[in-house]
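Worksheet: the structure to be examined is printed underneath.
The values are calculated or read from the model by the stated rules, or taken from the named source; none is laboratory data. Fair warning: this is a prediction, and the values are worked out from it, not measured in the lab. Cβ atoms come from the backbone with ideal geometry, glycine included; neighbour counts cover every protein chain shown.
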Amino acid sequence: MEFNNLKIDFTEEQSMVNASAKEFCADNSDTKRARQLIDSELGFDTDTWDEIIQLGWTGINIDDQYGGMSFGISAAIPIVEHMGNTMMSIPYPSHLLASELIGRLGDQSQKSQWLPPLCDGKRGTVAFLDNEDWGSEPQLKLIKKNDHYLMTGEKLLVSDALSADIIIVLATIDTHPVFVIVESHMLKPQDLHPRTLIDETKRAADISLQNIIIEETQIMHASHEIVRDIKLLGSLLMAAESVGVISITLKTIVDYLTTRKQFGKLIGSYQSLKHPTVEILLEMDSAKSLVYHAASIIESGTLSIDSQIACHMSKAKASDALSFAGDRAVQFHGGMGFTYDCDAMLFIRRAQWANQQFGDPQYHRNQLAKLIFD
Amino acid sequence: MEFNNLKIDFTEEQSMVNASAKEFCADNSDTKRARQLIDSELGFDTDTWDEIIQLGWTGINIDDQYGGMSFGISAAIPIVEHMGNTMMSIPYPSHLLASELIGRLGDQSQKSQWLPPLCDGKRGTVAFLDNEDWGSEPQLKLIKKNDHYLMTGEKLLVSDALSADIIIVLATIDTHPVFVIVESHMLKPQDLHPRTLIDETKRAADISLQNIIIEETQIMHASHEIVRDIKLLGSLLMAAESVGVISITLKTIVDYLTTRKQFGKLIGSYQSLKHPTVEILLEMDSAKSLVYHAASIIESGTLSIDSQIACHMSKAKASDALSFAGDRAVQFHGGMGFTYDCDAMLFIRRAQWANQQFGDPQYHRNQLAKLIFD
Amino acid sequence: MHNNKHSKTELSLFRKKVSEWLRINKPKDPGFLLPQTFMEIGSEQVLNFLREWQFKLWSSGFLGMSWPSEFGGQGLPPIFQKIADEEMKKQKVPICFNVIGLGWAGPLIIDIGTEEEKRKYLKGILSGDDIWCQGFSEPNHGSDLGSIQTKAERSQDSYIVNGSKIWTTMGNFAKYMILLARTNNDSDRRYDGLSFFLAPMKIPGVSTSPIRKITGDYGFTETFFTDAKIPASTLMGEEGHGWSLAMKLLQYERGAEAGAAGGISIIPTTVEDVVEVAKTTKKDGISSLKDPITRDELIKLLIDQKAIYLGERRATFNELCMDFPNSLPLSSKLRMTEFSRRLRQYALTVQGAAAAVYVGDKKAIQSGFWQRAYLNNFSTTIGGGTSQIQANIVGEHVLGLPKD
Amino acid sequence: MHNNKHSKTELSLFRKKVSEWLRINKPKDPGFLLPQTFMEIGSEQVLNFLREWQFKLWSSGFLGMSWPSEFGGQGLPPIFQKIADEEMKKQKVPICFNVIGLGWAGPLIIDIGTEEEKRKYLKGILSGDDIWCQGFSEPNHGSDLGSIQTKAERSQDSYIVNGSKIWTTMGNFAKYMILLARTNNDSDRRYDGLSFFLAPMKIPGVSTSPIRKITGDYGFTETFFTDAKIPASTLMGEEGHGWSLAMKLLQYERGAEAGAAGGISIIPTTVEDVVEVAKTTKKDGISSLKDPITRDELIKLLIDQKAIYLGERRATFNELCMDFPNSLPLSSKLRMTEFSRRLRQYALTVQGAAAAVYVGDKKAIQSGFWQRAYLNNFSTTIGGGTSQIQANIVGEHVLGLPKD
């Protein structure tokens, strides 16, 4: 059991990106805006997406030969954190994961075909789930039929499926995992079934796949490792976003605790509120340290044991911390916290979404135990 | 999964015993007395033992035909609780378990031989452990040799072994469990190896068994069920004692919190001390309810599923509650709590002893899961 | 109305009868998620469904059984209603929604009301025709009744009411409100300056504004009084006795035996329910109920749940409560509501990815019951004194710890 | 003393050298449990063992390397000592026991002491001949230095000291104490009425009384001053500057680079150590490390431990600490000491029945190290401001929450 990779770097790229992400997110989102977007179909503002394209962030992790910034996905971590911190729900993490997947797994012609449009702002996402268990093996099958394949079945709770132009579907050929690149126009609108999420600022849909014809060029043959790695990167993005959400949750609590009085005293002076609030801070700090450690060491190739550990730990800690923060945010706002108008509502609902995405903390700890003890 | 046995009875016998136990324990023990006995070899006062004999409690659970009170072991629960509540460490629980075992498992002649002297105050104990894992199967073997058996091996951490007149040893014959009744004079003094316990008020020893000749009359052939039941009754006694210990721990904390001032205020007014103290109370209440439920339903024959559940739950809850209470007692006494002179020392050490005896909370929850879910 | 001795046979026959009736008449799934408490009635649709059910129960003779027969009851000993209630709980039928009427206003009127008041109010409470609400809490004053600001000023044979109430359950539907208002402004008389009214809601000067809950549903309102004129005859007891009447209400909460009309007012959630969920979900490809961590967590919850049930029983033995008298009753709210929060939150964890959906999603486990239940649970850890305040109460009144 | 650039080769050669030396010279198991901190030295036997070890380290050139060469040091850049310390940590050698001298008094004397003071004190600190203790805390005043009562009254060329100190580590062995005493009784001057002395201990009027710890061991004393006459020359800095000097000491805690003599002052406990224990114990007949609940708990601890280590690193990047500046350093004590409590308590759970024994038991796992470690840990969650006070500090100074 070697366990002493304690690297944290903050590169110039990240530093630059961090500064502009902070400003950009503050300018374009807050809880009020997030509430306004709840009733929209796609859940985000396409103008904002256009600005993200302008900033080059749609290609931040994509090789410059395909029009990207070649910064690596780590550079996007501060962006995603700031999005969480301003409750900006936009399909950016889904997009990053899709382009990262093609960048890692695609062959030359697949990269040439898909990465430039993704850089240019076509939106991507990845469809993982065959059922509600993030720990299960992929099941959806491609059946060979002459010179192509047929894909029939269903994918569940695909993030941002409705707004995606390119959906990469995890499937299998003879039990071997493959990722299949599907353009949304290949699906009929009625095959996308939007789900009603507890986090009303997020969007996900089930996808019915009925004898979809898949050409060999759409297929990226995968390994157990790449499936694992792409889920781990998803976990890390989710963790980074969660760190941002915990931070705004904490600020919202602190605001209330420093203005609301009860029995003649500011309620933040009561230790039964003050100390758990400190606990939220400490847990957020832990999650943030783990996230930036992971961001400092993840490789562009197959993830090392250290990186796997770092991603698992980030997600396990961030989700637990956000679940706690969201729950306490409601409680500590008292009667106000029980209303839809109080922002604690946004945070506790986000916590339920974030907790299960890419596997809950227990799942990640179980994976860690296998990596470390077995 | 049926799960609705919610019986609690408090019989006249228990009520009577409860009242005298409260008085007796208050008269004969407190933390000061417990400290004095730390340096004694046996850890208790034989005069107190004699009084227990006078009260009839050495035979409280023994059939009246053997000189006992026929109240059943449930009637002893309040006694053991009050002993905990006054930190009276005396080999009474060990004794109860030994006599209960013979009463349940012994044949007519074994009962006639052993129960009357146990009633009269000969002290009994049961030796369970072959290793440090309460969840392990019995291992010590009896080897047939002509018309008797030879017992060779070791028993670990036998409670009150040094003061016991009768030690009942869990062993096996051809993998079948047996309990062997051994009189202490059959052992050489050098075969008893006192252990140094974290709870200095308790006593336990390892027993080396070197070719001890065992006659058939000493052997009680057991079943998996009786081994399980006697451990469960041990768990229940330990839980009852722990409830008493939590109660005195709580009173000690409350005393300090209502007299000690810091920054000009009684420290009990700080919610960071007040609320965890309330949590100790709630957990103690839970443990106590479970203990008296178990005491209300345990059978004199094989324990029903309900009784098994009740005993497991009692021990799991009581141990967790005591571990928490002991830990907080030290912390909440501040600098004083860090000294040997502060009674919190007695409680936190007792908590470590009680936690592992008859299996720790996790062990009991695992057993419960098997009973309830499988 | 006295608890005559009824033979065991008679009672068990009755139990059989009600059980049979419920089996046949229990409403079918209406296609929308039914409320667990009366605080969750956010639409006419839900209200009408529950109103129909309560009417059916009452008109079939299983509600208000111990209330006087001349006012809609049957004058039977409370044991019958208790049995009916037990069977309703067992069969998990919908709640009897008119809770403030059935459990608070009704019993009070029977206790101290005039003949005329009984005639006017009781039957409508039972039939569900007249919905009642409660007007105690006020904005910015949490649950401290001593700081109630709403004023009721005597003017000839009326009182003129001004002020506002918050967290009025079904305020928008209610015909009557049990209203606590200040009839004396003397600052020394924080509590005995209060009076208790059976106030009409559908009159000029009374308006309500719905409060949207964290769940997205409605169920509460804020209620505003602007020179609302209510008859002086709606005063219950004497002027200035409001606080003591409000305290009196608490005793009725103990159920039919204490005067309530009966019916179940809350659909409890149990660990067993969550175990049922766990049976249908998987962790890493195997049944959640085979997952050691899930099992351990569920067992922890089962232990705590059993301890709660047993605590109610142990509390009836004084000798088993000598160390810390009143501990069990005074800590009951804190213990139960916090347990329920843990349970419901865990019920989501057990669902895996399905935890992420909500009421309205077609594939949601139990139609999103647990998601809504978790969020709704905060009304119990916040309302009626937050858990933090409850912990203070226990610390100070049971353990004798000093006030903050 | 400046941090000249030394070549990488030179430094790595040095690391090799010290590593080699330690491998050969690391003391053998003395047959008794060695202390994890200098607060656990309860007997002459333990003291002599550690004194010998410190002397050996120093005389072999691995302690006080950055201190001036004319007073027992070597005048080398701090990086050398840092490397030596890292290797000592790695090889888990015993602690350098004279902590108050090496880490507090010594650096202060080097900083602001006279030539004569340097000559008088420094070498004895390094060799271990002169043991130092600290006299800040007082009975009944917790850790609030502002309420120090011990008085030092100027009388010609002496101060007359009266009062008492508590939690004096090695008070019974010490030759000198860094003493904070009140030289001005003006109640407005709670802090600037304090002065700082290098007080001799072995003089008339100074006596100590051992405090027995929860572990059963000794290590602290209470120290009494009764008209103890100390030379006025032992005053450090000016009268009334005691508080600011005491604050200055805190910076030396950052190790050799901040002026401390070096050596390790604490044997840390890690999750990896507990994993080693788990490898040797069983749950229900199988290895504890195969038990899912144990695994889950150990992983939780590993995550928190890693987050602590990483937090120290992240704190060096301002941009990664913008949301809540100072959060990481101000919460460090709370986080680390409470983590350690959890870890050590869990180390007992992992032991099964073996958890029940204690130091002195022949079969105890690691001679009872974990049992003692758990109990000793309370000195860190209580001393230097309890965890409850630490949480207030973080809440108020990082989050801006109001004071109690």
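Key figures for this structure:
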| item | result |
| --- | --- |
| Residues of the range B:274-292 satisfying the condition of being touching a residue at least 40 places away in the same chain (Cβ under 8 Å) and within 29 Å of B:THR11 (Cα to Cα) | B:ILE280, B:GLU283, B:MET284, B:ALA287, B:LYS288, B:SER289, B:LEU290, B:VAL291, B:TYR292 |
| Residue list for the range B:132-155, filter: under 13 Å from B:VAL169 (Cα atoms) and either touching a Phe, Trp or Tyr at 6+ places or on another chain (Cβ under 6 Å) or without any contact (Cβ under 8 Å) to a residue 60 or more places away in the chain (or both) | B:GLN139, B:LYS141, B:LEU142, B:GLY153, B:GLU154, B:LYS155 |
| Residue, nearest to the chain's Cα centre (by Cα), within the range D:311-325, restricted to residues that are exposed (fewer than 15 other Cβ atoms within 10 Å of the Cβ) and either not in a helix (DSSP H, G or I) or not polar (S, T, N, Q) (or both) | D:THR316 |
| Count of residues meeting criterion [small (Gly, Ala, Ser) and away from chain C (no Cβ under 14 Å)] in the range A:305-325 | 5 |
| Flag if C:LYS306 is more than 30 Å from B:GLY264 (Cβ to Cβ), surrounded by 19 or more Cβ atoms within 10 Å (Cβ to Cβ) and either facing another protein chain (nearest Cβ under 9 Å) or out of contact with any Cys (no Cβ under 8 Å at 6 or more places or on another chain) (or both) | yes |
| Verdict on D:GLN371 being more than 8 Å from chain A (Cβ to nearest Cβ), closer than 30 Å to A:VAL291 by Cα and out of contact with any strand residue (DSSP E or B) (no Cβ under 6 Å at 6 or more places or on another chain) | no |
| Qualifying residues in the range A:48-62 (those that are of a type outside the set (Val, Ile, Thr) and part of a helix (DSSP H, G or I)) - the one surrounded by the fewest Cβ atoms within 10 Å (Cβ to Cβ) | A:GLN54 |
| Residue in the range C:211-253 that is farthest from the other protein chains (Cβ to nearest Cβ), counting only those that are small (Gly, Ala, Ser) and within 30 Å of A:MET336 (Cβ to Cβ) | C:ALA228 |
| Residue identified as surrounded by 20 or more Cβ atoms within 10 Å (Cβ to Cβ), of a type in the set (Gly, Ala, Ser) and part of a strand (DSSP E or B) among D:ALA228, D:ALA260 | D:ALA228 |
| Criterion: closer than 30 Å to C:HIS6 by Cβ and either of a type in the set (Gly, Ala, Ser) or more than 16 Å from the chain's Cα centre (by Cα) (or both) - qualifying residue of C:ILE148, C:ILE109 | C:ILE109 |
| Qualifying residue in the range C:125-139 (condition: crowded, with 24+ Cβ neighbours inside 10 Å and either without any contact (Cβ under 8 Å) to a residue 12 or more places away in the chain or more than 18 Å from the chain's Cα centre (by Cα) (or both)) | no |
| Residue that is modelled with pLDDT under 95, under 23 Å from D:LEU122 (Cβ atoms) and not assigned by TED's automatic domain parsing to the domain that holds D:ARG344, where the choices are D:PRO78, D:PRO35 | D:PRO78 |
| Residue satisfying all of: in the range B:64-121; touching a Cys at 6+ places or on another chain (Cβ under 7 Å) and buried (at least 20 other Cβ atoms within 10 Å of the Cβ); nearest to B:MET284 (Cα to Cα) among these | B:ASN85 |
| In the range C:320-342, residue nearest to the other protein chains (Cβ to nearest Cβ) [restricted to those that are aliphatic (A, V, I, L, M) and touching a residue at least 60 places away in the same chain (Cβ under 8 Å)] | C:LEU334 |
| Residue check, C:SER147 over 21 Å from C:GLU238 (Cβ atoms) and in contact with a His (Cβ under 7 Å, 6 or more places away or on another chain) | yes |
| Selected residue [in contact with a helix residue (DSSP H, G or I) (Cβ under 9 Å, 6 or more places away or on another chain), within 13 Å of chain D (Cβ to nearest Cβ) and surrounded by fewer than 23 Cβ atoms within 10 Å (Cβ to Cβ)] from A:ARG260, A:ARG328 | A:ARG260 |
| Subset of the range B:72-117 [more than 21 Å from B:GLU216 (Cβ to Cβ), hydrophobic (A, V, I, L, M, F, W, C) and not in a loop (DSSP other than H, G, I, E, B)] | B:ILE73, B:ALA75, B:ALA76, B:ILE77, B:ILE79, B:VAL80, B:MET83, B:LEU96, B:LEU97 |
| Some residue of the range B:63-71 being assigned to a helix (DSSP H, G or I), closer than 20 Å to B:THR125 by Cβ and out of contact with any Lys or Arg (no Cβ under 9 Å at 6 or more places or on another chain) | no |
| Those residues of the range D:254-299 which are more than 19 Å from D:ARG342 (Cα to Cα), more than 12 Å from chain B (Cβ to nearest Cβ) and touching a residue at least 40 places away in the same chain (Cβ under 8 Å), in sequence order | D:GLY255, D:ALA256, D:GLU257, D:ALA258, D:GLY259, D:ALA260, D:ALA261, D:GLY262, D:GLY263, D:ILE264, D:SER265 |
| Search result, residues across the range B:115-131 that are touching a residue at least 60 places away in the same chain (Cβ under 8 Å), more than 16 Å from B:ILE73 (Cβ to Cβ) and away from every other protein chain (no Cβ under 14 Å) | B:ASP120, B:GLY121, B:ARG123 |
| Qualifying position, being out of contact with any strand residue (DSSP E or B) (no Cβ under 9 Å at 6 or more places or on another chain) and surrounded by fewer than 20 Cβ atoms within 10 Å (Cβ to Cβ), among D:GLU117, D:GLU44 | D:GLU44 |
| Count - residues of the range D:343-361 that are in a helix (DSSP H, G or I), at the interface with chain B (Cβ under 10 Å from one of its Cβ atoms) and not β-branched (Val, Ile, Thr) | 7 |
| Subset of the range B:1-30 [more than 12 Å from B:SER74 (Cα to Cα), within 11 Å of another protein chain (Cβ to nearest Cβ) and not in a helix (DSSP H, G or I)] | B:MET1, B:GLU2, B:PHE3, B:ASN4, B:ASN5, B:LEU6, B:LYS7 |
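Quick grid of which residues meet (1) buried (at least 17 other Cβ atoms within 10 Å of the Cβ); (2) under 19 Å from the mean Cα position of the chain (by Cα); (3) not assigned by TED's automatic domain parsing to the domain that holds C:THR37:
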residue	(1), (2), (3)
C:ARG154	no, no, yes
C:TYR191	no, no, yes
C:PHE196	yes, no, yes
C:ALA199	yes, no, yes
C:VAL206	yes, no, yes
C:THR215	yes, yes, yes
C:GLY237	no, no, yes
